[in-house]
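Enquirer: Take this structure, written in structure tokens, and hold onto it; I'll ask about it next.
The values are calculated or read from the model by the stated rules, or taken from the named source; none is laboratory data. As the structure is a computational prediction, the values presented were derived from the model and not from experiment. Every residue, glycine as well, gets a Cβ built from its backbone with ideal geometry; the counts of neighbours run over all protein chains shown.
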Amino acid sequence: MESVKLKNTPTTQRQAGFIENFLTECRKIFDEEIIDKWLSKLDLISLSESELILSAPSKFIRDWITREFLDKKSHHNIKEIAKLLVPTLKKVAVMYVPSKEIEQEFQPKSSTAVVSISKHDNVFVFGTELNPKFTFDKFISANYNKFALRMAKIVAGMEAQLDLFDDKIPLYIHGGVGLGKTHLAQAIAWHLKEKNKNKKVVYLSAEKFMYHFVQSSKNNDLIGFKEKMRSIDVLIVDDAQFIAGKEATQQEFMNSFNNLVAENKQVVLVCDRSPSDLENIDEKLKSRISGGMIVNFKNPTYQDRFDILQAKLATMSADIVQEVTGEIMDLIVKKISTIRDLEGVLRKLAAKKLFEEEEITLENTKKILSEYVTNSDNTVITLQKISNATAEFFNLKISDLTSTSRARNVVRPRQIAMYLAKNMTSQSLPKIAAQFNKNHATAIHAIELVKQLMISNSELAKQVGDLEEKIRNAKK
């Protein structure tokens, strides 16, 4: 069948027949199973002579199609297929739009315009979607985080600036894992979103910044990338330490940072270490970061941890609250040092009671705590330890995790292992990817996918939690 060219047809006519003609072209290349499982799920959001935006009904389908059928350079690339119908196309994107909530007023402006069609209104499509639980009203204030919380509220416009601060002072939040840094950073984005839907707010990880920079470079669209970054009103970058060692990315990040600060835009960076402890970071970038407000999440004291545990316990059902005695709380707080693990222990106690009808006693609490508190010789978590534990947990060979196999029973464990490597070690993304014989783009996709699936899939979340405990308890 001869390809149907739509280049010279009016916009409404072009859009009306596009999906049907697009799938007709796809059937010449893909088998019906791929069409039915993936491509037939796509719907049209917008089509112009230069830009095509499609919607997917789930994040998983969006991510899979983007990775397998859009990012890859081959005749299987759906951009090339779409260009058979609209030869002038320069850009194709697939977006997750839940329940067909597509903004009717959306019209693409130009190939470099930053467009927001996210359910979060002004969190851009190239950013990371926010966790709905990470808001200011759900952030528990304690002595160790009061200063950080105050500065975050100033940045979000909730509290008046003090005279000694500039109008928009760069904010750098750093501290150990599991203390609430990401929660606070996302709370800023959420509040700004609610306060002013027209404000261009971007929250993304350093890896995602790097990914988009690399993709723009490969696609000879660096000018478009620069224009996108410089049109932002508020830029929030998490895990900033992963920019280290990547010279070109660092340079572009510094350029974007400098431009935003010079134009009195807000920049927030979140990191696991202080600027002075960042390795392989250009001194100019360090100096620029140090010129802002640096906030250290110090380790919470016993009283901080007790107050936070008490606040989290208060949100649970009455029967759980009744069984968690003061003695049990004291034991948990003495043994656990991070806020994330405090919540993890509490959830595990509640889950044991709910699913296994196990009473919350001092003895049972000690058993659960033993899974979180390991001996000093077992505290070092390496990529190899994660690989070994993952293979054993899913009954695979270690070689399976580094293979090219795309079988589901191999791919999902590999993705989970990458996710845990990102969250349990300080290794760079390229090193994590190399551990599993993959590239950094695949690693980014795996980490983001598992993170999203854990929100909606309780069974997978439990698997990840159980595997994490296994890794923490594994011998060297």
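Enquirer: Please verify whether region 265-278 includes one or more residues that are assigned to a loop (DSSP other than H, G, I, E, B) and within 18 Å of K226 (Cα to Cα). Give the steps one after another, and end with the answer.
Expert: Our first condition is that a residue be assigned to a loop (DSSP other than H, G, I, E, B); within region 265-278, this holds for 265, 272-274, 278.
Retained after the next criterion (residues that are within 18 Å of K226 (Cα to Cα)): 265.
Yes - at least one qualifying residue is present in region 265-278.
Enquirer: Within region 69-91, can you find the residues that are at pLDDT 80 or above, under 22 Å from the mean Cα position of the chain (by Cα) and surrounded by fewer than 20 Cβ atoms within 10 Å (Cβ to Cβ)?
Expert: Our first condition is that a residue be at pLDDT 80 or above; within region 69-91, this holds for 69-70, 77-89.
Within this subset, residues satisfying the condition of being under 22 Å from the mean Cα position of the chain (by Cα) are 69-70.
Result: L70, single match.
Enquirer: Right, next: Please work out if E283 is assigned by TED's automatic domain parsing to the domain that holds K352 and either more than 23 Å from L149 (Cα to Cα) or touching a strand residue (DSSP E or B) at 6+ places or on another chain (Cβ under 6 Å) (or both).
Expert: Details: assigned by TED's automatic domain parsing to the domain that holds K352: no; either more than 23 Å from L149 (Cα to Cα) or touching a strand residue (DSSP E or B) at 6+ places or on another chain (Cβ under 6 Å) (or both): yes.
In short, no.
Enquirer: Tell me which residues, restricted to region 402-422, are assigned to a helix (DSSP H, G or I) and over 18 Å from the mean Cα position of the chain (by Cα).
Expert: If the condition is that a residue be assigned to a helix (DSSP H, G or I) and over 18 Å from the mean Cα position of the chain (by Cα), then R408, N409, V410, V411, P413 are the ones that fit.
Enquirer: I want to confirm something. Restricting to region 315-344 and keeping residues that are among the β-branched types (V, I, T), assigned to a helix (DSSP H, G or I) and crowded, with 17+ Cβ neighbours inside 10 Å, which single residue is nearest to the chain's Cα centre (by Cα)? Outline the logic, then answer.
Expert: Step one: of region 315-344, the residues among the β-branched types (V, I, T) are 315, 320-321, 324-325, 328, 332-333, 336, 338-339.
Now drop any that are not assigned to a helix (DSSP H, G or I), which leaves 320-321, 328, 332-333, 339.
Remaining after also requiring crowded, with 17+ Cβ neighbours inside 10 Å: 328, 332-333, 339.
Numbers: I328: 34, I332: 29, V333: 29, I339: 20 Å.
Applying the filter and picking the extreme gives I339.
Enquirer: Report, by residue number, each residue of region 416-463 that is among the small types (G, A, S) and at pLDDT 85 or above. So that I can check it myself, show each step before the final result.
Expert: Initial filter on region 416-463 (among the small types (G, A, S)): 417, 421, 426, 428, 433-434, 441, 443, 446, 456, 458, 461.
The answer is A417, A421, A433, A434, A443, A446.
Enquirer: Which of the numbered conditions does V4 fail, given that it passes all the others? Conditions: (1) modelled with pLDDT of 80 or more; (2) over 11 Å from Y96 (Cα atoms).
Expert: Failing condition for V4: (1).
Enquirer: Continuing with this model, one more query. From the list F106, F126, which residue is part of a loop (DSSP other than H, G, I, E, B), modelled with pLDDT under 85 and buried (at least 18 other Cβ atoms within 10 Å of the Cβ)? Spell out the reasoning first.
Expert: Values: F106 fails: buried (at least 18 other Cβ atoms within 10 Å of the Cβ).
The match here is F126.
Enquirer: Within region 381-393, can one find any residue that is loosely packed, with under 13 Cβ neighbours inside 10 Å and not in a helix (DSSP H, G or I)?
Expert: Step one: filter region 381-393 for residues loosely packed, with under 13 Cβ neighbours inside 10 Å, giving 384.
If we keep only those that are not in a helix (DSSP H, G or I) too, we end up with none.
No, region 381-393 has no match at all.
Enquirer: Related question: Does region 8-18 contain at least one residue that is of a type in the set (K, R), loosely packed, with under 15 Cβ neighbours inside 10 Å, modelled with pLDDT under 85 and part of a helix (DSSP H, G or I)?
Expert: Applying the first criterion (of a type in the set (K, R)) to region 8-18 yields 14.
Within this subset, residues satisfying the condition of being loosely packed, with under 15 Cβ neighbours inside 10 Å are none.
There is no residue in region 8-18 that is of a type in the set (K, R), loosely packed, with under 15 Cβ neighbours inside 10 Å, modelled with pLDDT under 85 and part of a helix (DSSP H, G or I).
Enquirer: For I236, state whether it is over 24 Å from the mean Cα position of the chain (by Cα) and in contact (Cβ under 8 Å) with a residue 24 or more places away in the chain. Break it down into steps so the answer makes sense when it comes.
Expert: Details: over 24 Å from the mean Cα position of the chain (by Cα): no; in contact (Cβ under 8 Å) with a residue 24 or more places away in the chain: yes.
In short, no.
Enquirer: Same structure, new question: Applying the selection to region 392-449, what residues are without any contact (Cβ under 8 Å) to a residue 60 or more places away in the chain and among the β-branched types (V, I, T)?
Expert: Once the filter is applied, which keeps residues that are without any contact (Cβ under 8 Å) to a residue 60 or more places away in the chain and among the β-branched types (V, I, T), region 392-449 yields I398, T402, T404, V410, V411, I416, T425, I432.
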